[in-house]
1. If I go through segment 147-157 residue by residue, how many of them are within 10 Å of the ligand (Cβ to nearest atom) and surrounded by fewer than 21 Cβ atoms within 10 Å (Cβ to Cβ)?
2. Since I83 meets every condition but one in (1) in contact (Cβ under 8 Å) with a residue 60 or more places away in the chain; (2) over 30 Å from E6 (Cα atoms); (3) in contact with a strand residue (DSSP E or B) (Cβ under 6 Å, 6 or more places away or on another chain), which condition does it not meet?
3. Residues that are surrounded by 19 or more Cβ atoms within 10 Å (Cβ to Cβ): find the strands (runs of 3 or more DSSP E) completely inside segment 218-306 holding 2 or more of those.
4. Could you figure out which of (1) within 10 Å of the ligand (Cβ to nearest atom); (2) touching a helix residue (DSSP H, G or I) at 6+ places or on another chain (Cβ under 9 Å); (3) among the β-branched types (V, I, T) isn't true of V265?
5. Does any residue of segment 34-48 turn out to be buried (at least 17 other Cβ atoms within 10 Å of the Cβ), modelled with pLDDT under 95 and within 13 Å of the ligand (Cβ to nearest atom)?
6. Which of the residues belonging to segment 40-78 are part of a loop (DSSP other than H, G, I, E, B), over 19 Å from G105 (Cβ atoms) and touching a residue at least 12 places away in the same chain (Cβ under 8 Å)?
7. Let me confirm something: among Y47, Y89, which residue is within 22 Å of K27 (Cα to Cα) and among the aromatic types (F, W, Y)?
8. Going by what's in this entry, would Y114 be described as in the same structural domain as S179 (by TED's automatic domain parsing), away from the ligand (no atom under 15 Å from the Cβ) and among the aromatic types (F, W, Y)?
Amino acid sequence: MDRKTEIHNKLLKLVKSDNVKVDELLKDHLYTKLGGKADFFITPTSYEEVQNVVKLSNEDDIPFTLLGNGSNLIIKDGGIRGIVINLKYLNNISSDGHTVVAQSGARIIDASRYALEKHLSGLEFACGIPGTVGGALYMNAGAYGGEIKDVLDYAYVIDKSGKLVKRLASELDLDYRTSNIPDRGDIVVEATFNLKPANYEEIKAVMDDLTYKRESKQPLEYPSCGSVFKRPPGYFAGKLIQDSDLQGTNIGGAEVSKKHAGFIVNKDNASTTDYISLIEHVQKTVKEKFGVDLEREVRIIGEDKE
Ligand SMILES: Cc1cc2nc3c(=O)[nH]c(=O)nc-3n(C[C@H](O)[C@H](O)[C@H](O)COP(=O)(O)OP(=O)(O)OC[C@H]3O[C@@H](n4cnc5c(N)ncnc54)[C@H](O)[C@@H]3O)c2cc1C
């Protein structure tokens, strides 16, 4: 039996067969609509299944990668070796007093809307961020003056050894678009947000205003990964790109958005190579013109196509 069949058979003993896919095309799961295939793509339905897969990965030396909603990821055209874990079926959201508890596969937008329905304030900033709760914790997602760090009380994670562990927000080193989740190799499975009771109409007015701002400024009609670059200290990435006359520049099907200079859109069937080449071109041009290094916010993972 070859190794791939062997791993497949082992996965089928741990996760329901409908939830184990082989050679899954990842572009269908990514906001950018870019990326090759995953050897295995699994969608566990319990924490125990996730724990068992982590243990299998340790015992048989099989790499795994977490995929949330794919809104902050570029996956290369050669795809991902090993197991891609997607927690979309672990998406329950509940509330207890002033807290909202969300499983990590829930969309942070849904957690924000749920908080509104419960008349709880604090997650308004997240009402247009198209990621999952797990992806939002991973990079301390934020917008319009708010961020996960402001509202997260604690999270449950599955650690490298497969144990379910509680981590307080203060233990996650949450900072501007970063956390220690990747360094620790934790898988976030649940988050508890501490919110404040407030008036429904007031919360809704803030969310409506942020939605209007987002829709009027961002090129939401095209696939993208949102803001490609972090805000460099003392500057705005979008302004530097705009002042470098890069808007409308394209490589293959990838284009620096004419609507929002901080976005690169997949305008016409771009390959990952086009997209990455355009990111590098923007970084090089801005460095030459203004001497500023643009650090990527978006993560690039996977293998080059042979
Ligand atoms: C149109 C658009 C607008 C955006 N606007 C904003 C914005 O205003 N503010 C902002 O901060 N971001 C924004 N983003 C970026 C993105 O939505 C956020 O970074 C989001 O938090 C990513 O979540 P995700 O589930 O899509 O993660 P993915 O892109 O799937 O993954 C991102 C990283 O998180 C890891 N990960 C995912 N789930 C888990 C988990 N359960 N446990 C451990 N690791 C995990 C992945 O391995 C990967 O390394 C925007 C993106 C788009 C496309």
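The values are calculated or read from the model by the stated rules, or taken from the named source; none is laboratory data. Model, not experiment: these values are computed from the prediction. We place every Cβ from the backbone using ideal geometry, glycine too, and count neighbours over all the protein chains shown.
1. From segment 147-157, those within 10 Å of the ligand (Cβ to nearest atom) are 147-148, 155, 157; that's our starting set.
From what's left, surrounded by fewer than 21 Cβ atoms within 10 Å (Cβ to Cβ): 147.
Summing the residues that are within 10 Å of the ligand (Cβ to nearest atom) and surrounded by fewer than 21 Cβ atoms within 10 Å (Cβ to Cβ) in segment 147-157 gives 1.
2. All conditions are met except number (2).
3. Working: elements: 224-227, 254-256, 263-266, 299-301.
Per the criteria, 224-227, 254-256, 263-266.
4. Only one criterion in (1) within 10 Å of the ligand (Cβ to nearest atom); (2) touching a helix residue (DSSP H, G or I) at 6+ places or on another chain (Cβ under 9 Å); (3) among the β-branched types (V, I, T) is unmet by V265, namely (2).
5. Yes; the residues of segment 34-48 include at least one that is buried (at least 17 other Cβ atoms within 10 Å of the Cβ), modelled with pLDDT under 95 and within 13 Å of the ligand (Cβ to nearest atom).
6. To start, the set of residues in segment 40-78 that are part of a loop (DSSP other than H, G, I, E, B) comprises 43-46, 61-63, 68-72, 76-78.
Filter once more, keeping what is over 19 Å from G105 (Cβ atoms): 61-63, 76-78.
Answer for segment 40-78, where residues must be part of a loop (DSSP other than H, G, I, E, B), over 19 Å from G105 (Cβ atoms) and touching a residue at least 12 places away in the same chain (Cβ under 8 Å): I62, P63, K76, D77, G78.
7. Details: Y47 fails: within 22 Å of K27 (Cα to Cα).
One residue alone meets the criteria, Y89.
8. Working: in the same structural domain as S179 (by TED's automatic domain parsing): yes; away from the ligand (no atom under 15 Å from the Cβ): yes; among the aromatic types (F, W, Y): yes.
Yes.
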